[in-house]
1. So the check is Cβ under 6 Å with 6+ separation or different chains; which pairs have a first residue in segment 15-42 that's free of Cβ contacts under 8 Å to residues at least 60 places away in the same chain and part of a helix (DSSP H, G or I) and a second one that's of a type in the set (Val, Ile, Thr) and surrounded by 14 or more Cβ atoms within 10 Å (Cβ to Cβ)?
2. Any idea which of GLY94, GLY87, GLY70 is within 24 Å of PRO34 (Cα to Cα) and touching a residue at least 12 places away in the same chain (Cβ under 8 Å)?
3. Can you report the number of residues in segment 43-70 which are of a type in the set (Lys, Arg) and not in a strand (DSSP E or B)?
4. What's the number of the only condition in (1) under 19 Å from VAL139 (Cβ atoms); (2) surrounded by 15 or more Cβ atoms within 10 Å (Cβ to Cβ) that TYR35 fails to meet?
5. Which is within 21 Å of MET41 (Cα to Cα), of a type outside the set (Gly, Ala, Ser), out of contact with any Phe, Trp or Tyr (no Cβ under 7 Å at 6 or more places or on another chain) and modelled with pLDDT of 95 or more, of ILE98, ILE126, ILE142, ILE136?
6. Among the listed residues HIS82, HIS9, identify the single one that is surrounded by fewer than 16 Cβ atoms within 10 Å (Cβ to Cβ), in a helix (DSSP H, G or I) and not aromatic (Phe, Trp, Tyr).
7. Just the residues that are buried (at least 16 other Cβ atoms within 10 Å of the Cβ) and assigned to a loop (DSSP other than H, G, I, E, B), please, taken from segment 87-116.
Amino acid sequence: MELVAKFFHELSTTELYEILRVRAEVFVVEQHCPYQDVDGMDQESLHVFYESEGKILAYLRAFPKPKEEGTVQMGRVLSTEHGKGFGGRILREGLLQIREKMNPQRIYIEAQCYATGFYEREGFHICSEEFLEDGIPHVGMIKEMKTE
């Protein structure tokens, strides 16, 4: 299993295809949520994923949050094999890669409500009321990035 962290222009067409394939597999098919995944933000994003034999096992993306200087928005966090710890690993590694490559003051995520504990374990806290996104309850969460 190899960790990959690339900005959009660094991705191969094969990597981009696999990213879009697993996002559709998890968010559209598995979660029964038809939505517009190709949203124009991928080109601005850092894409972080674990890959093995050409298949993505876990993934997330991060991009500068529009109109919020110093804030990076993270999203599309997924793992394709549940119960193996890949979700936690990609989240922890993604935070390190975001810090190193983007140097934000804070990271924001719109988390599905059932997953708030997953993000709280890595230092995020809820910063909004519950809202529906594509028919699924979400909350805004933020993590302040301390300078070390």
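The values are calculated or read from the model by the stated rules, or taken from the named source; none is laboratory data. Bear in mind that the values here come from a model prediction, so they are computed numbers and not experimental data. We place every Cβ from the backbone using ideal geometry, glycine too, and count neighbours over all the protein chains shown.
1. GLU18/ILE56; VAL22/ILE56; VAL22/THR80
2. On the way: GLY94 fails: within 24 Å of PRO34 (Cα to Cα); GLY70 fails: within 24 Å of PRO34 (Cα to Cα).
Exactly one residue qualifies, and that residue is GLY87.
3. Of all residues in segment 43-70, those of a type in the set (Lys, Arg) come to 55, 61, 65, 67.
Filter again for not in a strand (DSSP E or B), leaving 65, 67.
The number of residues fulfilling the criteria is 2.
4. (2)
5. Criteria check complete, one pass: ILE98.
6. Working: HIS82 fails: in a helix (DSSP H, G or I).
Answer to the selection: HIS9.
7. PRO104
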